[in-house]
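Report on the structure given below.
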Amino acid sequence: MVNAYLDIGIQSRMNRIINSKDNRVVMLAIDHPYFQGPTTGLRNMSNTITTLLPYCDCLMTTRGAVRSNIAPEDVGSKPIMLRVTGGNSVLFDELSDEKLTVTIKEAIRMDAAGVAVSVYIGSANQQQTIINLTEMINHADEYGIPVLAVTAVGKNMARNLRYLSLASRICQDAGARIIKTYYCEEFSKLVDAVAPTPVVVAGGKYSSPPDALQMAYNSVQAGAVGVDFGRNIFQDDNPIGMIKGICAIVHENHTVKEALDIYNAYLPDACKLD
Ligand code: R5P
């Protein structure tokens, strides 16, 4: 089908990021050290990436991780969603003070399939982060690179439909090609509010395999094209079982129970979950 709204470069890269057969994606978020340092599960980041890369559709990560933590033989095996904003750390309370940290030329040189920009709507640095997004879109559009907007949520913001829809709609209006946001009640209304822009759901803090699988299930049932989970995969004791369970939900419409059976298949009997 001809899509008059996308140019060929954008379409080609979107097809690498989101599987064009089922219009779904399991993106693996391993970009946390850009502000958290060596967080749990990423102390040996090369090992984590090598272990999980074969099972994801796309890796969301940073320039440093691509340079230092992807084995040479794995480079190019999966599309990279390259984080291009940063500038703060967990040592400061206010995390919204981000700027663009990677140029579009560098993203092209690294063969990124897309670039990711965080926006902090309602924060002290709201305008700066929206301008980061629009500036990167201005550059990326010139070269046919899709921009994923992350609706980062500050400490004082509620993760509810009203806030997340507002933030997501602003990202769409700026020209983002994919929106990453958090799951909330009545999530299908958020998806409708930004349609036809695809939405992926962030995982958030580590919870539990049943809860994370349930969130993945609820997200795609509500119309998300998939998930972009990090800690709920790489901080789990059974990360391969976890990502395979998520893939079954996202790509094969499996139930949470079926996905949990897949998860359990990678565990010894004594450790299996109900
Ligand atoms: C969000 O701003 C960053 O991309 C995070 O590092 C990522 O969303 C974290 O993923 P998760 O919350 O699933 O660990």
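The values are calculated or read from the model by the stated rules, or taken from the named source; none is laboratory data. All values derive from a computational prediction rather than experimental measurement. Reconstructed Cβ throughout: ideal geometry from the backbone, glycine too, with neighbour counts over all protein chains shown. Surface accessibility is based on the protein's heavy atoms, side chains included, excluding ligands, DNA and RNA. Shrake-Rupley method; radii C 1.70, N 1.55, O 1.52, S 1.80 Å.
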Scan of the stretch 106-133 for residues that are over 20 Å from Leu164 (Cβ atoms) and either open to solvent by 30 Å² or more (accessible area, probe 1.4 Å) or touching a residue at least 60 places away in the same chain (Cβ under 8 Å) (or both), ordered by number: Ile108, Arg109, Met110, Asp111, Ala113, Gly114, Gln128, Ile131
Residue check, Leu164 in contact (Cβ under 8 Å) with a residue 12 or more places away in the chain, assigned to a strand (DSSP E or B) and within 16 Å of the ligand (Cβ to nearest atom): no
Which listed residue, of Asp228, Asp236, is touching a Cys at 6+ places or on another chain (Cβ under 9 Å) and within 14 Å of the ligand (Cβ to nearest atom): Asp228
Residue check, Ile243 within 16 Å of the ligand (Cβ to nearest atom) and out of contact with any strand residue (DSSP E or B) (no Cβ under 8 Å at 6 or more places or on another chain): no
Selection within the stretch 245-274 - polar (S, T, N, Q) and surrounded by 15 or more Cβ atoms within 10 Å (Cβ to Cβ): Asn264
Identity of the residue in the stretch 49-79, open to solvent by less than 20 Å² (accessible area, probe 1.4 Å) and within 15 Å of the ligand (Cβ to nearest atom), that ends up farthest from Val225 (Cα to Cα): Ala65
Failed condition for Arg162, given (1) among the basic types (Lys, Arg); (2) buried (at least 21 other Cβ atoms within 10 Å of the Cβ); (3) more than 19 Å from the chain's Cα centre (by Cα): (2)
Residue that is nearest to the ligand (Cβ to nearest atom), among those in the stretch 80-105 that are open to solvent by 70 Å² or more (accessible area, probe 1.4 Å) and under 18 Å from Pro146 (Cα atoms): Thr103
Verdict on Leu267 being outside any helix (DSSP H, G or I) and either among the acidic types (Asp, Glu) or more than 16 Å from Cys56 (Cα to Cα) (or both): yes
Odd one out for Arg24, checked against (1) within 15 Å of the chain's Cα centre (by Cα); (2) within 23 Å of Leu133 (Cα to Cα); (3) among the charged types (D, E, K, R); (4) away from the ligand (no atom under 16 Å from the Cβ): (2)
Number of positions in the stretch 219-235 that are open to solvent by less than 10 Å² (accessible area, probe 1.4 Å), within 21 Å of Gly41 (Cβ to Cβ) and not aromatic (Phe, Trp, Tyr): 6
Any chance Ser46 is open to solvent by 20 Å² or more (accessible area, probe 1.4 Å) and under 25 Å from Tyr143 (Cα atoms): no
Test set (1) crowded, with 20+ Cβ neighbours inside 10 Å; (2) within 16 Å of the ligand (Cβ to nearest atom); (3) over 20 Å from Asn232 (Cβ atoms) - Val191 fails condition number: (2)
